[in-house]
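The values are calculated or read from the model by the stated rules, or taken from the named source; none is laboratory data. Values in this document were obtained by computation on a predicted structure and should not be read as measured data. Because the Cβ atoms are built from the backbone with ideal geometry, glycine has one as well, and the counts that use them run over all protein chains shown.
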Amino acid sequence: MRKIGNYIDRQSEVTGSTIAWIVVALAVVVALSVVLRYVFHTSWFWVYNTSWIMHGALFLVGGAYTLLHDRHVRIDLLYSRMPLRVRAAIDAVFYSVLIVVFARIGYAAYMYAAAAFRNGEKDMMSAWAMTVWPVKGLLLVGFVLLWMQFLVVAGRNIGILIRGAK
């Protein structure tokens, strides 16, 4: 099990580190959008589309990386003051619930992306008529990566409950 967990950790690390480079391209696209809007008083819809696709990809695919490094937003009034085993119990329950929820969301994302692929769905909001299934496929990829990282984190927290500290 530890080898599988380490493999999933490596996948989260690689995909997160790779997808982080989208920030550079996203900054360029947003800057282009601002220049077009405020200097030339126009906009190109593909610039807007590209920015929301990159932003979505960054957050969807980067979620597992964020979980791996325990950097998700947490309202921490009492949690950090609790003993390790209590925190592990809370996390084990929380992530176990998320495993079930994200399995359902992942299935829905698969159906969503598969239907877009099967139907050759296009975004008809602009003349660009972008093919939609790759974007919807990123939704599936992001949820699957996060779901796998949930499994690892839940398992590690259960291990802390059973064996004590890491």
Residues satisfying the stated conditions in the stretch 24-75, i.e. over 23 Å from Arg10 (Cα atoms), surrounded by 14 or more Cβ atoms within 10 Å (Cβ to Cβ) and among the β-branched types (Val, Ile, Thr): Val29, Val30, Val47, Thr50, Ile53
Quick test of your reading of the structure: Met124 fulfils all but one of (1) within 22 Å of Glu13 (Cα to Cα); (2) in a loop (DSSP other than H, G, I, E, B). Name the failing condition by number. (1)
Identify, by number, the condition in (1) farther than 17 Å from Met1 by Cβ; (2) modelled with pLDDT under 95; (3) part of a helix (DSSP H, G or I) that Tyr110 doesn't meet. (2)
Scan the stretch 113-143 for residues that are over 26 Å from Ser43 (Cβ atoms) and buried (at least 17 other Cβ atoms within 10 Å of the Cβ) and jot them down. Ala113, Gly137, Leu140, Val141, Gly142, Phe143
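Considering only the stretch 18-55, state which residues are assigned to a helix (DSSP H, G or I), touching a helix residue (DSSP H, G or I) at 6+ places or on another chain (Cβ under 7 Å) and not β-branched (Val, Ile, Thr).
Scanning the stretch 18-55 gives Ala25, Leu26, Leu32, Ser33, Leu36, Tyr48, Ser51, Met54, His55.
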Filter the stretch 128-166 down to the residues that are free of Cβ contacts under 8 Å to residues at least 12 places away in the same chain and among the aliphatic types (A, V, I, L, M), then identify the one that is nearest to Met1 (Cα to Cα). Ile162
